[in-house]
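This report concerns only the one structure given below.
The values are calculated or read from the model by the stated rules, or taken from the named source; none is laboratory data. Being a predicted model, the structure only gives us computed values, none of them experimental. In this analysis, Cβ positions are derived from the backbone assuming ideal geometry, glycine residues included, and neighbour counts consider all displayed protein chains. These area figures cover heavy atoms from the full protein model, side chains too; ligands, DNA and RNA do not enter into them. Shrake-Rupley method; radii C 1.70, N 1.55, O 1.52, S 1.80 Å.
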Amino acid sequence: MAFIFDKYAGNINALCKQGRLKEALAILHYMLHQCVPVDSKTYCFLLQGCSKLATLSHGKHLHSHILKLGFQHDIFVGNNLVHLYSKCGYMADARKVFDSIPQRNVVSWTAIIAGYTHKGNAKEAIKLFDKMDKEGVKPNQFTLATIIKACGSVEAFEQAKGIHHHVIESGFESDTVVQTALLLMYVKYGRIENARHVFDRMSERGTALWNAMITANAQSGSLKEALALFHGMPEPDVISWTAIIAGHAQNGYGEESLNLFKEMQKTNLKPDGFIMASVLSVCANIAALESGKQFHAHIIVSGFENDVVVCSALVGMYAKSGIVEDAYHMFDKMHQRNVVSWNSIILGCAQHGKGKEALQLFEQMVQGGIEPNEVSFVGVLSACSHAGLVDEGRCYFHSMVHDHGIDPDVSHYTCMIDLLGRAGHLDEAEKLINGMVIEPDAYVWGAFLGACRIHNNMELAINAAEHLLDMEVNDAGIYVLIANIYAAAGRWDDVAKVRKLMKNRGVRKPPGCSWIEVKDRMHSFVVGEDSHPQMEEIYALLRRLSRQMSAAGYVPDKKFVLHDVEDEQKELSLSHHSEKLAIAFGILNTTPGATIRVVKNLRVCGDCHTAIKFISEIVKRKIVVRDANRFHHFDGGQCSCGDYW
Ligand code: ZN
Ligand code: ZN
C-alpha cells in the first residue's frame, strides 16, 4: 500500500513541477475514487502546481478537500495555500489562512508579505514585517528582498534604511537577491551614492543592474559617472546604450549623444525604434534641430523609414522645432499612421496657431477610422484656443464627452477656460469651472485669471487669485500673475502679501532663459548675461537695433519692466531679456537670411513680442520663438499668433 501511495505522490509531484496540473489532478481523483489515502504532502505538491500556473479555480477546490481532511493546520499546507492566494492576488483569503496557521514560520511570513507587496499594498507588507520581527521570526534573503522592494514603492525611506541594518545583522549583505533589491530601492529614492555603495560590493552584477546604475546617474545629470559605468561594463546592451544616449541628450549634450549614437552603430547592436524615438523626442524638447536632422538621416540609412513609432517621433520633432512644413511632409510620407502619428501633427499645427489645419486633420483622422484619444482632443481644443475658434471649441468639447465617451481631464478644461475666457465669455468660463466633476487645478484657475486680466474684470480676477493662493501652488508664474493683478488694482499691500507667501512657500521663479542652436551646438542665455564670449558684440548689435527700431516707430512698453520684476529685476532694461540676447546671437552667427529659432522657458513678454516683430522686419529674417505656451513665427514685422497668446 505504502509503495503504491508513494508512487502516486511522486507522479503528482513530477507532473506539477512540469506544469501538467490537469494530469496531476486526474491522478488525485483516481486515488480518491480508489480510496487510496492521500496525505498532506500530496496536497502541497498540487497547491504548488496551481501556484506555478497562478490558477485559483482548482486551488479553491483543493482547499475544500483540505478542510474536509483536516489538513489546514499543517504548516506546509497552510504556507502553500497562503502562497497560492497571494500569488493570485486574493489577499483576504490569503490572510484568513495565514491567521489560522498555528505556528507560522519564515516561509509563511514571506508568502504573505510578498502577496501584499505584489498587490501594491506596501504599507500592510511593512506592518507585517514589523510584526514578524516582534514575534522573533528571523527573515531570510527572500523576505528581505521582498520588504526592500515594498519600501521602495512607498515613501518609506526611514524603514528602508532600518531594513538595510537588518540585512547587515542577519548576514545577508552579500546575497545577490538582497543586494539587487537594495540597489533598486536606493535608485528609486534617487540615493545614487547609497546605490553605488551596494553596487561596488556586489560580486555578481548582471546587465540589468549596470543599466539601472547608468540610467540613475544619467537621469540625475551625473554624466561622467554614467559614462564611466558604461565604459566599465562588460557587455552593454541596447538598454545601456539608450540610457547613455538619452541621458546626454536630456542634459543638453545633443552633440555627445549623437556621437554616442554613431558609436553604437559601429557595434553589432541594432538600435531599436524606441531608441530612435526617444532620442528624437529629446531633440524636439531641446529644439536641437540640427541633431534631429542628422538622426533623420540615420533613420533612413538604418531602415526605420517605415517604423510608425519612429516616424511619429520625427513628425513631433519637426513640429516642436518649429518647422511645420517638414513635419507635415514627413507625416504625408508615412505609409502607416496610428493615433500617435495623428496626434503629433495635430498638436504641431495647434501649437503653431494653424487652428483650421489642425481641425481639418482631426476630421480626416476620424473619417479614416482612427478613434481619437484624450491627447487628440487636447490638440483639437488647444487649436481652437490658439486660433480663437469659440463655437468649434464648444462643439468638440461636447462631442468628446458625448460621441467619444472621453471624460474631460484638467488639460481639456484648461483649454476650454482659456478659449472662452480670452474670447471674453468670462461668465461661461466661470460656469464651466463651477460645474467641473474633477477638482479644478492651478492651471485651470490660472487660465481663468489670465483671461480676467485681459478683459480687466478685477472682481472675477481677484476671486480667482484667492482660489489660487489657497491652493499652495508651486508655479512661480501664477504668483507673478496674481501680484500683477493686485498691482494693476493698486492694492500694494496685497502685492506684498503675495510676495511674502511665495517666499514662505519656497516658490522661486526660474530665471528667464532662452536657447538657440547654432552649428550643432546649443547656446543658452539668461537675462543680463555677461559670461558669453560674444557678449560685447551682442550688446552692441542690440543697441544698434534699438536705434533702428525707434526710428521705425517702436516705443518700449515700460509696463513689462514691472511685469517681469520678480525674475528680471536686476536688469531694468527691456532690451536684455534672454530671447533678445539669443536672437542677437543668432543674427551674428548665422548666414544672412537664415531663419532664427529660439526657445524660451517662460512666456515671451509683450515688449519683446513687439520688438521681435520690428527686428524681423529690420534684419529681413524669419524668427521663430517657442515660448512656454506656443510658437510665434515672426516675419516682415508680423507674428503668426496675431498678437493673441
Ligand atoms: Zn521680454
Ligand atoms: Zn506672437
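With the Cα gyration tensor of the range 154-205 giving a ≥ b ≥ c as the square roots of its eigenvalues, does the rule (a/c under 1.5 for rounded; else a/b larger than b/c for prolate; else oblate) give rounded, prolate or oblate?
Details: a/c = 2.03, a/b = 1.18, b/c = 1.72.
Oblate.
Measuring from centroid to centroid over Cα atoms, what is the spacing of the range 373-415 and the range 9-61 in Å?
First find each Cα centre; the distance between them is then 56 Å.
Let's see if you can work this out: charge +1 on each Lys and Arg Cβ, -1 on each Asp and Glu Cβ, no other charges. What is the dipole magnitude of the chain about its Cα centre, in debye to the nearest 20?
Charge dipole, the chain, about its Cα centre: 1120 debye, nearest 20.
Excluding ligands and nucleic acids, what accessible area in Å² is computed for Phe142 using a 1.4 Å probe, to the nearest 10?
Surface accessible to solvent at Phe142 totals approximately 110 Å².
Through the Karplus equation 6.51 cos²θ - 1.76 cosθ + 1.60, θ set to phi - 60°, convert the phi angles of the range 165-170 into ³J(HN,Hα) values in whole Hz; use x for Gly and Pro.
With the stated coefficients, the range 165-170 comes to 5, 3, 4, 5, 4, 7 Hz.
Under the Karplus relation 6.51 cos²θ - 1.76 cosθ + 1.60, θ = phi - 60°, what is the ordered set of whole-Hz ³J(HN,Hα) values for the range 327-344, x standing for Gly and Pro?
My calculation for the range 327-344 gives 4, 5, 4, 4, 4, 4, 7, 5, 6, 10, 10, 10, 5, 5, 4, 4, 4, 4 Hz in order.
Rounded, prolate or oblate, given the Cα gyration tensor of the range 2-200, with a/c below 1.5 counting as rounded? All intermediate terms of the calculation are to be shown ahead of the outcome.
Working: a/c = 2.56, a/b = 2.26, b/c = 1.13.
The shape class here is prolate.
Check which residues have an amide H placed less than 5 Å from Ile596's amide H, if you skip close sequence neighbours.
Excluding prolines and chain starts, which carry no amide H, the hits are Lys622, Ile623, Val624.
Please work out the Cα center distance from the range 463-538 to the range 87-108, rounded to the nearest Å.
Between the Cα centres of the range 463-538 and the range 87-108 lies a distance of 55 Å.
Step through the residues of the range 59-74 one at a time and calculate ³J(HN,Hα) from phi using the Karplus curve (6.51 cos²θ - 1.76 cosθ + 1.60, θ = phi - 60°), rounding each to whole Hz and writing x for Gly and Pro.
x, 5, 4, 4, 4, 5, 4, 4, 5, 4, 7, x, 8, 5, 8, 6
Positive end of the dipole of the range 2-200, charges at C-beta (+1 Lys, Arg; -1 Asp, Glu), about the Cα centre: which of Asn80, Thr143, Leu62 has its Cα farthest in that direction?
Checking the options against the dipole of the range 2-200, the answer is Leu62.
Determine the share of the chain's accessible area contributed by carbon and sulfur atoms, expressed in whole percent, with a 1.4 angstrom probe.
C and S fraction of accessible area: 52 percent.
Taking the square root of 5 times each eigenvalue of the Cα gyration tensor, what semi-axes in Å does the equivalent ellipsoid of the chain have, largest first?
Listed largest to smallest, the semi-axes of the chain are 59, 29, 27 Å.
Per residue, how much accessible surface does the chain expose to a 1.4 Å probe? Answer in Å², no decimals. Kindly include the intermediate steps, with their values, before the conclusion.
Working: 30710 Å² over 645 residues.
In whole numbers, the chain has 48 Å² accessible per residue.
Using helices alone, I'd like the mean residue ellipticity at 222 nm for the chain: each DSSP H run of four-plus residues gives -39500 (n - 2.57), total over residue count, nearest 500. Before the final figure, lay out each step's value.
On the way: 35 runs with 429 residues, N = 645.
Dividing the helical sum by the residues of the chain leaves -21000 deg cm²/dmol.
Let me understand the range 394-479 better: what is its radius of gyration from the alpha carbons, and its Dmax, in angstrom?
12.8, 38
Give, rounded to the nearest 20 debye, the magnitude of the charge dipole that the range 385-449 has about its Cα centre when Lys and Arg contribute +1 at Cβ and Asp and Glu contribute -1 at Cβ. Please list the in-between numbers first.
Details: 3 positive and 11 negative charges, 28 e Å.
It works out to roughly 140 debye.
Let me know the charge dipole size of the range 133-218 about its Cα centre in debye, to the nearest 20, where only the beta-carbon of Lys, Arg (+1) and Asp, Glu (-1) is charged.
Values: 9 positive and 10 negative charges, 37 e Å.
Computed charge dipole of the range 133-218: roughly 180 debye.
Once ligands and nucleic acids are excluded and a 1.4 Å probe is used, how much of Arg337 is accessible, expressed in Å² to the nearest 10?
80
Using the alpha-carbon atoms, what tilt in degrees (0 to 90, nearest 10) does helix 21-33 show relative to the longest principal axis of the chain?
30
Which one, Ser514, Cys44, Met400, projects farthest toward the positive side of the charge dipole computed for the chain from Cβ point charges (K/R +1, D/E -1)?
Cys44
In degrees between 0 and 90, to the nearest 10, how far off the longest principal axis of the chain does helix 141-153 point, with axes built from Cα atoms?
Helix 141-153 and the main axis of the chain meet at about 30 degrees.
Quick one: check the C-alpha center-to-center distance for the range 181-226 versus the range 586-642, whole angstrom.
Taking the Cα centre of the range 586-642 as reference, the centre of the range 181-226 is 43 Å away.
Any idea what angle helix 355-367 forms with the longest principal axis of the chain, computed on alpha-carbon atoms, 0 to 90 degrees, nearest 10?
Rounded to the nearest ten degrees, it is 30.
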